[in-house]
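Note sheet for the following structure.
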Amino acid sequence: MVDILPSTPDADPDPDPRVLGVDSDEAGETLAALSSDTARGMLREFHDEPATPSGIADRLDLSLQNAQYHIGNLEEAGLIEPVDTVYSEKGREMTVYGPADAPLIVYAGTEDDTTGLKAALSRLIGAVAALGMMSILVQAYLGELSLPFAGTGGADDYDTGANQAATQTPTETEGGIGIAQTTSTPEPTATAMADTVRTAEDALALPPGVLFFLGGLAMLLGIGAVWWLRNR
């Protein structure tokens, strides 16, 4: 059992993504570190919950030596990093490892392309974060206001005529006596129309914050696509 007593601060988050050229030495170290199933499984476990080498070894049923070997490779590749220090009951210091905060992208291109892509991704991440904050403010301000065109119930109240009763059409016999003959009126199928109206109402009933975020995200994706086409 480990008595958690931190002696070092947690690692500061790095919002900028790491963009590695596929021919770079760093990319080679990263791909080599993830070449085994054990290393990939260990990285998933660290993303689920940071752990000490002995803790991750117990969770994956590995020997401590094997766990330390893969931890060293993952740390050298920049995929994990020390996030805390704890002490065991015997007073032995142990390092807690967790996933690196910076997103990692392996990119096939020249060094100039890699630099431009990193800058573009940094701006995109910042723009999406700002858009999310603005969406929260829009939802907080307009969340209690109902849209005037939502929830009209038009699909339910729409009279399609599907329940019209059969009509009687008088027919003339040879003797001149009119006999009422029952003629059934074809029932129109209005299922598709009703479903279309309901779908439109459901779309219009989305919260204003969600609508703002989706609209802004579509604009950002459009701008990013134009930038990528111009710089190909």
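The values are calculated or read from the model by the stated rules, or taken from the named source; none is laboratory data. Computed from a prediction, not measured in an experiment: that's the story for all the values here. Glycine also receives a Cβ, built like all others from the backbone with ideal geometry; neighbour counts cover every protein chain displayed.
A few remarks follow.
- Those strands (runs of 3 or more DSSP E) of the stretch 8-104 in which at least 2 residues are among the acidic types (Asp, Glu) and at pLDDT 90 or above, considering only elements entirely within it, cover 80-88.
- Cβ-Cβ distances below 8 Å connect the following pairs, each with a first residue in the stretch 34-54 that is under 15 Å from Asn66 (Cβ atoms), a second residue that is among the charged types (D, E, K, R), and a separation of six or more residues or different chains: Glu45/Arg59; Ala51/Glu45; Ala51/Arg59.
- Close pairs (7 angstrom Cβ cut-off, 6 or more residues apart or separate chains): within 21 Å of Glu49 (Cβ to Cβ) in the stretch 86-99, modelled with pLDDT of 90 or more and of a type in the set (Gly, Ala, Ser) anywhere: Val96/Ala51; Tyr97/Ala51
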